[in-house]
Structures are given as structure tokens and as C-alpha cells.
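Written below as C-alpha cells is the structure these notes are about.
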Amino acid sequence: MTGHNWTRASVNWFKYSSPQTFFPLAAKLVPWFGAAAALLCVAGLYIGFFVAPTDAQQGEAYRIIFIHVPAAWMSMFIYVVMAFWAGAGLVFNTRLSGMMASALAPSGALMTFIALWTGALWGKPTWGTWWVWDARLTSELILLFLYFGFMALQAAIDNPRRADKAGAVLALTGVVNIPIIYFSVQWWNTLHQGASVSLKSAPSMAATMFAGMIVMALGFWMYSIAAALLRVRCIILEREHRSDWVAQHMGTLK
Amino acid sequence: MNWASWNDFFAMGGYALYVWGSYGVTLGLMITEIVLLILRKRSILEHLGRIRGSTRGTR
Amino acid sequence: MLTALRCVIYRDLLLAMRRRADVLTALLFFVIVVSLFPLGVGPEANLLRTIAPGVIWVAALLASMLSLTRMFSADHADGTLEQMLLSAAPLGAIVIAKVIAHWLVSGLPLVLIAPILALQFDLNQSLLWVLTLSLLIGTPVLSLIGAIGAALTLGLRGGGILLSLLVLPLYVPVLIIGAGTVDIASAGLSAQAHFLVLGAFLVVAAVFAPWAVAAALRISAE
Amino acid sequence: MLEAANLECVRGDRRLFSGLGFSLSGGELLRVAGANGSGKTSLLRIVCGLLSPAEGEVRWRGSSIRSLREEYWKEIVYLGHSNAVKDELTAAENLTVACTLAGMKVDRGLVLAALHRFGLAECAALPSKALSQGQRRRVSLARLILSENLPLWILDEPFTALDAAAVDYVRTLIAQHVARGAAVVFTTHQEAEIVGTMSTLDLDTWAN
């Protein structure tokens, strides 16, 4: 009895750590998370547009906050979760964790791009310029480069195991650097205060505005999980197509 | 209810371009992401089906 | 362990001396890039003075990144990297030796030549020292972080471009604080705080980078 | 001394071998045989710790080499396909660097003596790019003379590019080393009956 399978038997939640058992589970989860995302977003939009009052200074333009801030939160959150899965894949040598990290990267990049896009569209009516060198927007931009770096590295390596491990080292290095980047950009922004207008903290948050934002953030979270699960199923199929369980599944897959 | 009428709602206090610009793009990006994923899964299944079909004899 | 460290530094410096051309390319690139900016921006003195630290720092960053690809790729190609992975000395020490050698070959020359180039931008005397000191502390951090990128992209096609895509976002804090030291000094305030922050970056990078580079090398050599 | 249990190696999508195990104690010689691409080099790289196996583990004196790391590496010599010789360095410098990295104290005299025994005395000062492929192989093999006290040698195709005299010399070196009670694992395509107690591990039979 080598030590190897003893650990697998005693910790049963490892049972889902193999791609084969996780694949059908992900299929069942996707519709639930998708439905939750839709419901939460509809509720959030309703609160955001029909309940939250018009803002005193910014008029209606501030309503972009209901997707700008959740997307920004999600972009940071997904990078940390991606680094966690990548790190777990490196430490426990489980293939599924690496796949989960690769599945999260595009969703994180999408959320970062949405945050930048909505930030620019919000900046134009409010400060007259499409791009404001505000600390948060600038760190979002750098975060977008980190995502692209991760995806480019994984795309450049053919061997999936090496791609996962190399991506893990980069993601862990990146996650250590995110706070450093944020604070140095924050510091840089205050140094050149005259040169740019900083995005003031969100307008005095009426309760309903805040509620709208939180609900939308939860909706975005559910959406990201659903998208990531969908993508991880594709990755599992791409990487495991040689193994036998994919063959048996061929008939049953819709 | 903040809006007197529907087109008042769509005018969004004169910021229609910006508000609907950001919401539209966000919704569009999300939908394209989901559609791309579904297409990707379908193409993998087809591809595997072809391989599976052709090699079933040799395995 | 120290003998191995000294041996690798000695070996790399010997190799660099035997192929002097490689050493000069990074230096010449730095000089040319810095000299291009006045042509693009115009000779107007106080404009040049304000952009000088940023230009010199970005050029130093790009020049040190240029020579990063050579840090491990030559050893990977002829099999010496495998012997380093199987050495009796811990891989982290060997990585530190390689980074020190890379810095001595491509980082230090930049620091030495930067004040001369800064004269092109009409930087006054005291600011020259601030700039040189900030580069002196900053370029090792660039080499350390760059080594992670070099190890990750070992043996990949299009390694150079990919390396810059991976490493440039990680260079941002060093660039901001490094160029910022000269700005603060030119405003008459003491730049002491910024040197401390740069020093902190150096310490953090010196502690974490070798582990990451060693892990990346083992992954790339498989 | 050296055991491998339940080793599995996957390259790309192909499983090279699985469930492979062997054990080697002092004074034994193991030849790994098999067709091209059967995974001989991968097996050797797994045994020396360069490559991590998909399944199974390698143990040295009872404990896994993944936990031993430098403890294990300071007791082995690994010579791969590539000669690990830098073109710009001279033969003597290459050898000195290789031995220092392996943790051995070597002075100029020892290095030159080793090179001399491999017939490289006159080109010890030449940069290696001036040497022929066979001479470069001898420079990397010269390290064996200086690592007589290392209990495990792992040699991948040591005889390639060598002339008859050099092949015989390397054979006697291996035989002497095994006689000293050390273990040697090697691969070769030339017929190589070196010493009585040589066992062979044929990867083609493990291909299941």
C-alpha cells in the first residue's frame, strides 16, 4: 500500500478533484449559476434604474457605477482565485486545478476590460476625457496586462502540464505584485496630483445605490462562475480526449 | 419610479450614449463569451466524434 | 554553497568577456534610445529636464530586458543548465549568482553611463546623483524580476516578445518609484523615502525572485 | 540503494511506460535498453530528478529523491545527450566549473591529469568550439575520472561520437567504478557486455 492512494481514500472531497468526476458535476452546476446570475442582475438593474434616485452632481451618468464597480471588483477577485487554483495545482499536482486557473483567466480579462470600458464611458461625461490617469483605472489597465501575460504564456507552451505550472508561477508572482502595483500607482497619482483629476470616491452612496451595486456584484460573481465552469468543461474535453471516460461519454453528451 | 415615460428612460437624462454604451457593450461581451464557449464545446465534440468514429475500428 | 555561487559568477563574467559584443549591445541600445527622445520631443531645455528621469528609466528598463533572454537560453541550449539543476548547491544560490552576473554585465554599465546621458537633458548636478543612485538600487530589481520571466519563457518560440509581455507589468512599481525619486528631488524635497521604498523592493525581490526562478527553471527543463 | 516504484511517464499524449520498477544496489550495473522513443532518456531523467514522473517515485537509500534534493544530487553524476560544454570556455575551465557545481574541490593539477587520461592534454587550453564532437564528448566524460567517490553514475549514451579506444577506456572506467561498489545506470545502442553482473531493463517489454 504505497502512501499515494491512502490519501485519496481518506479525504473524500478530493473525489471531485479528478477531471472525470468533476465534468458531469460542472454540467449540472452551470444552469444553476446561470439562472442565479440572471435573476440577480435583473434585480440589481431594477434597483439601479428604478429605485435609486438621480445623483445630485452627476445626474443619470452615475448609473454606470452599477456595472463599473462590480466588474472592477470581479477583475481583482478572479485574479486572486485564479492564483489560488494555480498555486493549488502547483502544490497538489492536481490537473484539474490547473485547468480551473486557465478557465478563469479569460473571464477575468473580460471583467477587467468591462471595468476599463465603463470607466472610460463614465469619465467622458463627468470629467470630459475618455481616459483619466486615476490610480484605480491605471491599476486596472496593468491588471489587464497581467491577464494577457498569463494567457499568452499558457498559449505559447504546448505541453499542458508545463503550461499549468509555468502559469502558476506567473500568477503567484502577479498576485504578490498586485497590492504593490496598486499602492505605487496610488502614490504616483497623488505625486502628480495637479496633472490629473482623481475619480472621487463613489458619490455619496444612498442606501439604494449601494444595494443595487452589491446585488449586481453578486450577479457578476454568479455569471463568472458559470462562464468559468463552461470553459473548464471545454478544457477538460480538450485535454482528456485521449482517456477512455471521454469515449464512454461521447454517446451521452447532448 | 424615476422616469415619467419610456423614452424619458431611454434618454437617460441626456447621457444615453454613455450609459447605454457601457451597458450595451457589457451585455454584448457577456453574450459573445457564452456563445463562443458553447460553439467551442460543440466543435470539440464534433472533432472527437470524427476521431472516435475513425479510430473505433483500430482501438 | 558560496564556492558554487562564486564559480557561477566567475564563469558568467568570463563568458561575457569572451563575447564582448553582447555586453555592448545592451549599452548601445540604451544610449541610442535615450538620445532619440530629444529628437522626437524637441530640444527645448526645461521640457527635456522634466522628461529626463522617465526617459532614462524607461530606456534602462528596456535595455536590461533586452539582454534577459540570454540569461538562461544559452545554458539551456548546450545542457549546462541541466547540470546546474543537478548541482550540489541549492538552485536558489545559483540563480542569485546568474542574476548578479547578468546585472554586472547589463545593469551596472547602464548605471555608470546614465549620468553622462543625463547631461543631454540638462539635468543639474545634484539630480544626476539622485538618478544614478536610484538606477543603482533599481536595476538589480529589474534583473531579479526579469529572471522570472526569462526562466518561464525558456525555450519557447517568440520568447523575447512574450518575456516583455510577462515582465513589463511587474516592472511598473520600480519604474514609478525610480523615476519618482528624481521628480521629488527636483522639487527640492528629500528623496530619502523613495530610496527606502526602492531598497524594500530590492529586498523583497531578492527573497522571493530566486524561489520563483528556481521553480520556473525546474518546470521549463522538464 | 536506488529503487524506483510504479513509475509512469507520459510525453505529450503518449504514455511511454507505466508501473515500471527496479532496484539497484552498490556494485551493480544496469543497462536501459529499448527502441528509439521508448523513453530511455525520460527514464534516466526521472531517476536523476530532472523530470517528475506522472506516477510513482524514485527512492535513494530509502527516502524519496523529491525530499532529498541536494542531498541526492551531490552523490550522483548525470551525463545527458548534450555535452554540457560551453563553446567559449576551454576544456579545463568547463571541467572545473562542472566539478565545482557538483560540490567537489578540484585544482588545476587534477583537472589537467583527468584531461590527459582522456587524451585531451594538448587541447586543454583551446576554446571548446575548436574541438571536434568526439573531443567535446571526452571533455564531459573526463568528469567521471574526478567523481570516483560518487556512488551513482547515470550516463545517457556515453559512447556516442567516441572512437574505439575511447569507448574501451570508458568501459574500463565503468567496470572499475562498479568494482568499487558504486552503482551505474546507462543506455547505449552499441553491444556493451562490460562486466558479469550487468542487468538489463528493456523498455519495449514494459510498453503496456
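The values are calculated or read from the model by the stated rules, or taken from the named source; none is laboratory data. Since the structure is predicted, the reported quantities are computational estimates derived from the model, not experimental observations. All Cβ positions, even for glycine, are placed from backbone atoms using ideal geometry, and neighbour counts span all protein chains on display. Ligands, DNA and RNA are stripped out before the accessible areas are found, and what is left, the full protein with its side chains, is counted by its heavy atoms. Shrake-Rupley method; radii C 1.70, N 1.55, O 1.52, S 1.80 Å.
General observations
- Hydrodynamic radius (Kirkwood) for segment A:123-189, which is based on Cα pairs only, to one decimal in Å: 13.5 Å
- Unit charges at the beta carbon, dipole of the protein assembly as shown: most positive-side option, C:Ser126, A:Gln248, C:Ile113: A:Gln248
- Remark on segment C:135-169: accessible area falls by at least 40 square angstrom from chain-alone to full-complex state for C:Leu152, C:Leu156, C:Arg157, C:Leu162, C:Leu165, C:Leu166, C:Pro169, probe 1.4 angstrom.
- Dipole of the protein assembly as shown computed with +1 at Lys/Arg Cβ and -1 at Asp/Glu Cβ about the Cα centre; of C:Gly79, C:Gly180, A:Gly219, farthest Cα towards the positive end is A:Gly219.
- For segment A:77-144, the fraction of C-alpha pairs more than 13 angstrom apart is 66%.
- Note on A:Ser17/D:Ser64: beta-carbon distance plugged into 1/(1 + (r/R0)^6) with R0 of 22 Å gives a FRET efficiency of 0.50.
- Among D:Glu70, D:Glu157, the order of accessible area from largest down is D:Glu70, D:Glu157, computed with a 1.4 Å probe on protein heavy atoms.
- Using a Förster distance of 45 Å, the FRET efficiency for D:Arg15-C:Ala200 (Cβ separation, nearest 0.05): 0.40
- Remark: chain D carries 41 Å² of accessible area per residue (probe radius 1.4 Å; ligands, DNA and RNA excluded).
- Phi-based couplings in Hz for segment C:7-15 (Karplus 6.51, -1.76, 1.60; Gly and Pro marked x): 5, 5, 4, 4, 5, 5, 5, 4, 4
- Taking all C-alpha pairs of segment C:61-162, those more than 23 Å from each other amount to 35 percent.
- Mean Cβ count within 10 Å, highest first, over the residues of peptides C:148-154, D:166-172: C:148-154, D:166-172
- Compared with the dominant principal axis of the Cα atoms in chain C, helix C:125-152 is inclined by about 30°.
- Across every pair of non-identical alpha carbons in the protein assembly as shown, the mean reciprocal distance, once inverted, gives a Kirkwood radius of 29.3 Å.
- 0 to 90° range, to nearest 10: angle between helix A:19-46 axis and chain A longest Cα axis: 20 degrees
- Only Lys, Arg, Asp and Glu carry charge here, each on its Cβ (+1 for the first two, -1 for the last two); on that basis segment C:2-221 has a dipole of about 420 debye about its Cα centre.
- Surface share of carbon and sulfur [accessible, 1.4 angstrom probe, percent] for chain A: 72 percent
- Pairwise Cα inverse-distance average, inverted: Kirkwood Rh of chain A (Å): 20.2 Å
- Taking only protein heavy atoms and a 1.4 Å probe, the accessible area of segment D:111-188 is 59% carbon and sulfur.
- When accessible surface is computed with a 1.4 Å probe, chains C and A are found to bury approximately 2300 Å² between them, both chains counted.
- All other residues whose Cβ lies under 14 angstrom from that of C:Ile94 are scored, Lys and Arg at +1 and Asp and Glu at -1, for a net of +2.
- Two-site label geometry, D:Thr160 and C:Leu14: point separation in nm, points 7 Å out along Cα→Cβ: 2.6 nm
- Summing +1 for each Lys or Arg and -1 for each Asp or Glu among the other residues whose beta-carbon sits under 10 angstrom from that of A:Ser107 gives 0.
- Positive-end extreme of charge dipole, the protein assembly as shown - chosen from A:Leu172, A:Thr190, C:Pro210 (charges on Cβ): A:Leu172
- Per residue, the accessible area of chain C comes to 39 Å², computed with a 1.4 Å probe over protein heavy atoms only.
- Solvent-free Debye scattering, log10 I(q)/I(0), computed from the Cα coordinates of segment A:54-93 at q = 0.15, 0.21, 0.24, 0.26 Å⁻¹: -0.52, -0.69, -0.76, -0.81
- Residue ranking by accessible heavy-atom surface, 1.4 Å probe, largest first, among D:Lys105, C:Lys98, D:Lys74, B:Lys41 comes out as D:Lys105, D:Lys74, B:Lys41, C:Lys98.
- For segment D:115-171, the Kirkwood radius over C-alpha pairs fed into Stokes-Einstein at 10 °C and 1.306 mPa s yields D = 133 µm² per second.
- Buried accessible surface for the D/C pair, both sides summed and rounded to the nearest 100, is 2400 Å² with a 1.4 Å probe.
- The accessible-area ordering, largest first, of the residues A:Met151, A:Met222 stands as A:Met151, A:Met222, per a 1.4 angstrom probe.
- Dimensions of chain D along the principal axes, based on C-alpha atoms and rounded to the nearest Å, stand at 50, 36, 32, largest first.
- Local electrostatic count at C:Leu163 - Lys and Arg +1, Asp and Glu -1, tallied over other residues with Cβ under 13 Å: +2
- Cα-Cα P(r), segment D:1-89, percent of pairs per 5 Å interval: 3, 12, 23, 25, 19, 11, 5, 3, 0
- Lys, Arg +1 and Asp, Glu -1 on Cβ, resulting dipole of the protein assembly as shown about Cα centre, debye, nearest 20: 1020 debye
- Chain pair B, A: total accessible area buried, heavy atoms, 1.4 Å probe, Å²: 3300 Å²
- Taking the accessible area of chain C, probe 1.4 Å, and keeping the other protein chains in place, the carbon and sulfur fraction comes to 75%.
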